[in-house]
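Reading through the structure tokens given below for one structure.
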């Protein structure tokens, strides 16, 4: 029988006489997890990396159950910033944190997290700093670069309309009161090796084995595995691992072309991905890839990661004094984006990205102005003709 039209009949209470009920909107159950939203492209639950411009590069954010690998810059300055952004976003969203390091105690890392901008006054101040005056730039723009005008612009300044992800002031540190409001777990390798027995499994070094054991314990005991109901409202576990693969972790892949435990790191990533896939968690790892001489190891590490981005700093290079890059501090290379519930990668239209570090904010942008300058330098006569 066809459904009745509106007003065709009523019940004794005045309600519509129909058995049809309006269903909840698709994805409403997933969106109930704080600090997340379902992707409109593949339906996967996303969380913010803490840097909206990086979220755009990754197709909207980090999918729950995935691993983001960051290839560190030469001195580790900017990779540590992205690492702290990820953790700071977890604090603001009320997510649980798992911080692992072999170089610095995790509690010291948390004390240095950037302060969030939660009101419009600070947002406007930050927008004024990030958006420089470009009146002279517009007057000097060359029409030879017309094909770059329609390229997507990376989000660089905070806007009040952004509801996913937050902005942070790196000139200030997060308040202790805000840090006390969340639950976090730490793994500091020197302390762990002195307190617990040195584990050795599957030809994996003891540092990686102890780290896997700690991550697995937190996932299962806190209910992030999904097989047991959590004691409180569903939440996300953010896992951050700093400088994995370095000598401090007991791995020799950065000091030898033929390391003794050549498969130790790749085995760790293989098991870790299995844990992430069946849990409400997401992980970010920084790796000093510029120190790894064996390229075959780095290729395997890339294949075992879901997303891979590399940071190339201009510090100490000829590009630092090159006028084409005077407004930027380095380049961001997108090496790998995952295929989630689809046959193709969800990637941005361009991979020619640069980053800059202001007094209060770190941004990822499309260097349109530098491309224009490059064309004018190569073709001065043609550039003068088009003025």
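The values are calculated or read from the model by the stated rules, or taken from the named source; none is laboratory data. Quick caveat: nothing in here was measured; it's all calculated off a predicted structure. Quick reminder, even Gly has a Cβ in these numbers, built from the backbone with ideal geometry, and neighbours come from all protein chains shown.
Annotations
- Taken across region 120-142, residues that are in contact with a helix residue (DSSP H, G or I) (Cβ under 9 Å, 6 or more places away or on another chain), at pLDDT 55 or above, surrounded by fewer than 19 Cβ atoms within 10 Å (Cβ to Cβ) and not in a loop (DSSP other than H, G, I, E, B) do not occur at all.
- Near pairs, Cβ below 7 angstrom, 6+ apart or cross-chain, from region 315-327 (free of Cβ contacts under 8 Å to residues at least 60 places away in the same chain) to any residue that is assigned to a loop (DSSP other than H, G, I, E, B): 320/314; 325/314
- Being at pLDDT below 90, buried (at least 20 other Cβ atoms within 10 Å of the Cβ) and within 16 Å of the chain's Cα centre (by Cα) holds for only one residue in 338, 367, and it is 338.
- Residues of region 39-56 that turn out to be part of a loop (DSSP other than H, G, I, E, B), closer than 17 Å to residue 341 by Cβ and in contact with a strand residue (DSSP E or B) (Cβ under 7 Å, 6 or more places away or on another chain), as a count: 2
- So residue 106, is it over 30 Å from residue 205 (Cβ atoms) and either buried (at least 20 other Cβ atoms within 10 Å of the Cβ) or modelled with pLDDT of 95 or more (or both): no
- The one condition in (1) crowded, with 23+ Cβ neighbours inside 10 Å; (2) modelled with pLDDT under 95; (3) in contact with a strand residue (DSSP E or B) (Cβ under 8 Å, 6 or more places away or on another chain); (4) in a helix (DSSP H, G or I) that residue 267 fails to fulfil: (1)
- If the condition is being touching a helix residue (DSSP H, G or I) at 6+ places or on another chain (Cβ under 6 Å) and under 20 Å from residue 362 (Cα atoms), then region 293-312 contributes 308, 311.
- Residue in region 196-216 that is farther than 23 Å from residue 110 by Cα, surrounded by fewer than 17 Cβ atoms within 10 Å (Cβ to Cβ) and modelled with pLDDT of 90 or more present: no
- Residue check, residue 182 assigned to a helix (DSSP H, G or I), surrounded by 14 or more Cβ atoms within 10 Å (Cβ to Cβ) and at pLDDT 75 or above: no
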